[in-house]
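Colleague: I'd like to ask some things about the structure below.
What follows draws every value from the coordinates through simple rules; no lab data is involved. Small disclaimer: the values here were computed from a predicted structure and weren't measured.
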Amino acid sequence: MKWEGNRESDNVEDRRDEGGGGSGGGGRIGSVLGGRGIGVGTIVIALVGGWVLGINPLTILGVLSGEGGAPMAQVQQAPRNSASVDDPMKKFVSTVLADTEDVWTDVFTKGGATYQKPKLVLFRGATPTACGQGQSAMGPFYCPGDQKVYIDLGFYETLRTRLGAPGDFAQAYVIAHEVGHHVQNLLGISNKVEQRRGQVSQTAYNALSVRLELQADCFAGVWAHHANNARQLLEQGDVEEAINAAARIGDDALQRGSGGAVVPESFTHGTSAQRQRWFGTGIKTGSVKACDTFSARQL
């Protein structure tokens with residue numbers, strides 16, 4: 001991935017020196033809704049479940065027609081910390097975040113809307129969020145309450161060594177997926193999801209969660225499509241890195257990896273094949289409309 005020398009985002013908060021303990025684990029990528037964390041979990045932790053993820057399938061198209069999204073919560077912002085030259089991983093995530101800002105600002109502008117940039121928080125062990133206490137074991141996650149993406153960079157070591165998904169573009173895919181949840185939040189999806197809490201069964205919750213996560217995968221692909229067209233970021237093997245990462249964090253792959261039975265009714269993020277397919281849809285089409293997982297008959 002050709003990222004060196006590109007613009008770095010100012011929207012990075014570095015809390016790694018604030019303590020919290022623990023190490024970066026995790027094996028799942030997700031978001032948080034209604035003050036509850038939807039992390040990426042860890043292979044040794046049971047699959048995350050119980051979040052209500054219902055949504056009007058037409059909501060996602062609002063950005064293209066200039067319709068407004070859900071109101072954003074106002075929270076006090078922590079001091080910014082710009083990426084340092086002697087911290088390669090911070091520099092990398094800051095650059096990837098900046099690239100997502102450029103792409104989604106352009107997409108929203110063309111749709112007659114304004115893109116509100118998220119913050120990216122680096123932490124170790126644990127950190128407070130507007131959605132409750134964030135833990136490294138949750139893996140990377142997005143909190144709509146404060147519009148922030150949280151990541152313990154130790155997750156990337158887990159991704160490479162334990163999950164078998166090495167490569168810088170695999171790492172970029174992780175950030176792009178979380179930013180995809182931010183896009184869903186701006187489009188009003190999170191609010192509509194929260195309105196469904198308690199209205200459907202646990203199995204139905206899980207099925208809706210799968211569609212939300214696959215849409216975030218597709219949005220990650222949309223970012224990659226436009227970023228490559230504008231800045232020629234991709235190198236040979238990059239797409240394969242992201243596709244491999246998507247496969248390694250599929251619900252079926254994680255359940256098998258934990259030594260348990262594969263239980264489709266418990267899936268909250270989608271199978272390996274589904275995650276690969278929807279990321280592929282996004283990167284091939286570059287279309288927000290093409291990412292409407294909620295009206296898709298087959299995932």
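Colleague: Across the Cα atoms of the range 159-299, what radius of gyration and what greatest pairwise Cα-Cα distance (Dmax) are found, in Å?
Modeller: 15.1, 46
Colleague: Lysines near Lys2 by alpha-carbon distance under 18 Å, same-chain residues fewer than 8 away left out - which ones?
Modeller: Lys90, Lys91
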